[in-house]
Amino acid sequence: MNGLIEKLDLQDVLCGVNLKTQSNNLEDIYSELYSRPECKAEREELEKRLYEYFDSLELPDTPTVYDFLVLSMTKKDVIATFNWDPLLIQAYERCSEFTTNLPNMLFLHGNVGVGHCSKDILRGKKGLVCPICCEPFQPTNLLYPITKKNYRNDDFISKNWDDVEKHISESYMLTIFGYSAPSSDKEAVSLLKKAWEKSGAKKFGELSIIDKDEEVKGKWVDFIVPFRYHYQYVENFFDSYLGELPRRSCEAFFACSENQRAMIPDKGFKEGMTWRDIETTIRELLIEEDNTPQGESYPSHYNVTK
Ligand SMILES: [Zn+2]
């Protein structure tokens, strides 16, 4: 959020406003515009320009960490993102060419790539048509950065929060990837924490934090403390459970920690893999998934057989 106005060349939007804040942080600037009714036009222009910027972002053709992330999970998993940009959705779309057994996605601050039908409570890629009423999915609102965010003002965002709380409260493993828990998101962090505490994962589950900045680990200390012996901190996605044990992180972790079956290292994703390498890496996993009867767990894949 720091310097974003300059980075995106949005100074002209604000040239007629005498800002009281000295900060160059978008959240501070936006919060001030939001609190001053006379700045409504500037605020709406800023919203429009931010939306257009994020909407214009596109993944390169080569595999990105978004693709590895999407392919590292299956449909019983969930990715909940705070990102406004459509990159995860673009990754999801191209990863669907390998398999449709992919994680569910939730958008906790809205997303420029997602549309929804508020009547039928359905969502899909923006531009597609609601299969029930045949009307085009409407763009979702973005939750812009005000100091006191209200997750309940918008139906779409509110539903995504209900879903994330439910999923986390039923989860066995939780990974926090590149989210530094800014102090302005205190409320969000406390909602996530409450749900995680409900999960019972305290006893058996595992929390992972992936972040280049080790200081971020300290910000999650409230999450970590009750799970002292059950957390992993890594700097790089490829060193995480998801990167090392793609599509079986829960099964393989469980087999190792509860059934004492040692892990076989080096079968997961590696940085720099091509699409062909990825296909080779997940081929056997996809066959196992196809051969697993519904309701049963997938073979752990990354552990020695006893
Ligand atoms: Zn509809």
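Does the range 65-291 come out rounded, prolate or oblate, given a ≥ b ≥ c as the square roots of the eigenvalues of its C-alpha gyration tensor, rounded meaning a/c under 1.5 and, failing that, prolate meaning a/b above b/c?
Values: a/c = 1.79, a/b = 1.18, b/c = 1.52.
Note, shape of the range 65-291 comes out oblate.
For the range 94-157, with the dipole built from +1 on Lys and Arg beta-carbon atoms and -1 on Asp and Glu ones, taken about the Cα centre, which of ILE132, THR100, GLY110 lies farthest toward the positive end?
GLY110
Just order 248-256, 264-272, 114-122 by mean Cβ neighbour count inside 10 Å, highest at the front, would you?
Values: 248-256: 22.2, 264-272: 14.6, 114-122: 16.6.
Result, highest mean first: 248-256, 114-122, 264-272.
Which aspartates and glutamates does LYS125 reach when only Cα atoms under 18 Å apart count, and residues fewer than 8 places away in its own chain are ignored?
GLU52, ASP55, GLU58, ASP67, ASP85, GLU93, GLU97, GLU135, ASP155
Modelled label-to-label distance, THR274 and GLN11, 7 Å Cα→beta-carbon offset: nm?
Each label point is offset 7 Å from its Cα along the Cβ direction, giving 4.5 nm.
Please report the Cα spread of the range 120-184 along all three principal axes, rounded to whole Å, starting with the longest.
40, 32, 21
Quick check: the distance between the Cα centres of the range 1-59 and the range 276-295, to the nearest angstrom?
45 Å
Using amide H atoms built 1.01 Å from N in the peptide plane, name the residues 5+ places from VAL114, or on other chains, whose amide H lies under 5 Å from its own.
It is LYS126, THR140, by chain and number.
Could you list which residues have their amide H under 5 Å from that of SER208, counting only those 5 or more apart in sequence or on another chain, with H placed in the peptide plane?
Excluding prolines and chain starts, which carry no amide H, the hits are LEU174, THR175, ILE176, GLN232.
Determine ³J(HN,Hα), in whole Hz, for all residues of the range 8-13 in sequence, where each value follows from phi through the Karplus function 6.51 cos²θ - 1.76 cosθ + 1.60 and θ = phi - 60°; x replaces Gly and Pro.
For the range 8-13, the Karplus-derived couplings read 9, 6, 9, 4, 4, 4 Hz, x marking Gly and Pro.
How big is the charge dipole of the chain about its Cα centre, in debye rounded to the nearest 20, if each Lys and Arg gets +1 on its Cβ and each Asp and Glu gets -1 on its Cβ?
On the way: 37 positive and 51 negative charges, 197 e Å.
Charge dipole, the chain, about its Cα centre: 940 debye, nearest 20.
Tell me, what is the FRET efficiency for GLN22 and GLU296 to the nearest 0.05, using R0 = 45 angstrom and their Cβ-Cβ distance as r? Before the final figure, lay out each step's value.
On the way: r = 59 Å, r/R0 = 1.32.
My answer for the efficiency is 0.15.
Roughly speaking, what is the centre-to-centre gap between the range 89-134 and the range 141-217 when only Cα atoms are used, to the nearest Å?
20 Å
Laboratory data are not the source of any read-out in this text; all were calculated from the coordinates shown. What you see is a predicted model, and the numbers here were worked out from it, not measured in a lab. So basically every Cβ, Gly included, is an ideal-geometry build from the backbone, and we count neighbours across all protein chains shown.
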